1. Considering only helices (runs of 4 or more DSSP H) fully contained in region 198-291, which possess at least 2 residues that are out of contact with any helix residue (DSSP H, G or I) (no Cβ under 6 Å at 6 or more places or on another chain), surrounded by fewer than 24 Cβ atoms within 10 Å (Cβ to Cβ) and at pLDDT 85 or above?
2. Tell me whether region 94-109 contains one or more residues that are modelled with pLDDT of 85 or more, in a helix (DSSP H, G or I) and more than 21 Å from residue 307 (Cβ to Cβ).
3. Just checking, how many residues over region 6-49 are open to solvent by 10 Å² or more (accessible area, probe 1.4 Å) and part of a helix (DSSP H, G or I)?
4. Name the pairs whose Cβ atoms lie under 7 Å apart, with the first residue in region 116-140 and without any contact (Cβ under 8 Å) to a residue 60 or more places away in the chain, the second open to solvent by less than 40 Å² (accessible area, probe 1.4 Å), and 6 or more positions between them or separate chains?
5. Suppose we keep only residues that are in a helix (DSSP H, G or I) and β-branched (Val, Ile, Thr) within region 50-93. Which one would you say is nearest to residue 29 (Cα to Cα)?
6. Please find, within region 22-55, the residue that is nearest to residue 4 (Cα to Cα) out of those that are of a type in the set (Val, Ile, Thr) and modelled with pLDDT under 85.
7. Please give the number of the condition residue 69 fails out of (1) without any contact (Cβ under 8 Å) to a residue 24 or more places away in the chain; (2) in contact with a His (Cβ under 8 Å, 6 or more places away or on another chain).
Amino acid sequence: MAGMRMASPLLALRAGYSEAAVGFLLALYALTQVFLALPAGRYADRHGLKRPVAFSCLAATLGGGLAFAFPVYPVLCASALLTGGATGSAVIALQRHVGRAADTPARRKQAFSWLAIGPAFSNFMGPFAAGLLIDHAGFRAAFLLMALLPVVCWAFVRLATELPPPEGAHAARGGRAWDLWRDPMFRRLMLVNWFLSSAWDVHTFVVPVLGHERGLSASVIGTILGGFAVAAAAVRVMLPVLAARVHEWALIVTSMVATALIYAVYPFMHAAVAMSICSALLGLALGMVQPMVMSLLHQVTPGHRHGEAVGMRFMVINASSVAMPLLFGAAGSLVGVAAVFWTVAATVGAGTRVAWGLKDDRTS
């Protein structure tokens with residue numbers, strides 16, 4: 001999905017579509033995840049890891065194949081819906097599986113830290129490989145590679161060992177997942193997660209637009225985005241050791257402060273090297289967040305409702321991922337890309353106070 005999210009907007013921009021149209025295209029990657037998150041969590045509770053991931057790989061391959069066969073804007077939109085929904089469903093099943101496999105809070109925190117290295121690595125390889133193929137073989141070659149990657153995913157996941165279903169796996173029904181919002185800590189954690197996931201999404205959207213405005217090639221833009229992913233992967237390699245010594249809430253607060261500062265100075269960086277440095281620093285700041293949020297999520301929700309909680313988190317952040325590219329795409333067209341960076345800086349900075357409230361008896 002990372003490669004598709006980089007190649008699709010570039011193709012749309014080169015075809016003459018506006019920044020608002022590109023924002024709409026990127027929003028579609030999250031749209032199906034909004035509606036599938038809770039059903040996907042419950043489906044994973046019933047069927048475990050392999051069956052949800054198998055269906056997800058099939059849908060993602062179909063999405064990449066459609067973009068390869070028909071590289072036009074309407075088909076790119078359909079491909080975004082398929083790829084985004086597939087990725088979200090697979091990640092929900094995988095996070096639920098890992099959360100259940102870890103038997104203590106300390107092990108769970110470290111397990112999610114190790115797990116987060118995989119997406120960080122893919123967030124480098126996807127844009128980097130897509131950028132190289134676009135420059136040397138064209139967009140269709142890039143989409144073909146993206147269509148084949150889910151097949152590799154399934155080749156690995158099919159070897160995993162399924163865990164036995166937990167007691168009460170069929171207990172959650174209907175709208176009970178919304179009861180989770182009655183817990184103030186859960187609400188606070190979802191809000192903090194929204195601030196930081198929005199910062200991640202906006203960077204993915206704005207960098208291709210900013211690079212296109214400044215005449216950078218697809219491979220350079222892919223390298224800038226890849227630097228973000230490499231830095232996120234690097235900090236996640238250190239997280240298992242760091243997480244054993246520092247509370248989750250402290251790492252999240254540090255991340256929010258650093259993110260706000262980096263976004264504030266990013267628009268002043270015009271050279272590709274300077275943009276790459278900012279991108280890497282932002283990757284360091286945001287890369288540590290997801291494992292800590294997942295660890296806290298398992299601490300503040302009942303054990304028999306972890307699948308619902310993971311699904312609810314996905315629904316919230318992907319609803320934001322639908323709205324934010326649309327909002328900032330329109331804002332970028334009206335007031336410029338720099339204003340988008342500064343708006344994110346102000347929003348994340350203001351949210352630091354909310355993150356400080358995560359210091360609680362259950363999370364300390």
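The values are calculated or read from the model by the stated rules, or taken from the named source; none is laboratory data. Nothing here was measured: the structure is a model prediction, and the numbers come from that model. Because the Cβ atoms are built from the backbone with ideal geometry, glycine has one as well, and the counts that use them run over all protein chains shown. Note: areas computed on protein heavy atoms with side chains; ligands, DNA, RNA excluded. Shrake-Rupley method; radii C 1.70, N 1.55, O 1.52, S 1.80 Å.
1. Fully inside region 198-291 and qualifying: 248-265, 272-287.
2. no
3. Number satisfying all stated conditions: 22.
4. 133/141; 133/142
5. 83
6. Checking each candidate, the answer is 32.
7. Against the list (1) without any contact (Cβ under 8 Å) to a residue 24 or more places away in the chain; (2) in contact with a His (Cβ under 8 Å, 6 or more places away or on another chain), residue 69 comes up short only on (2).
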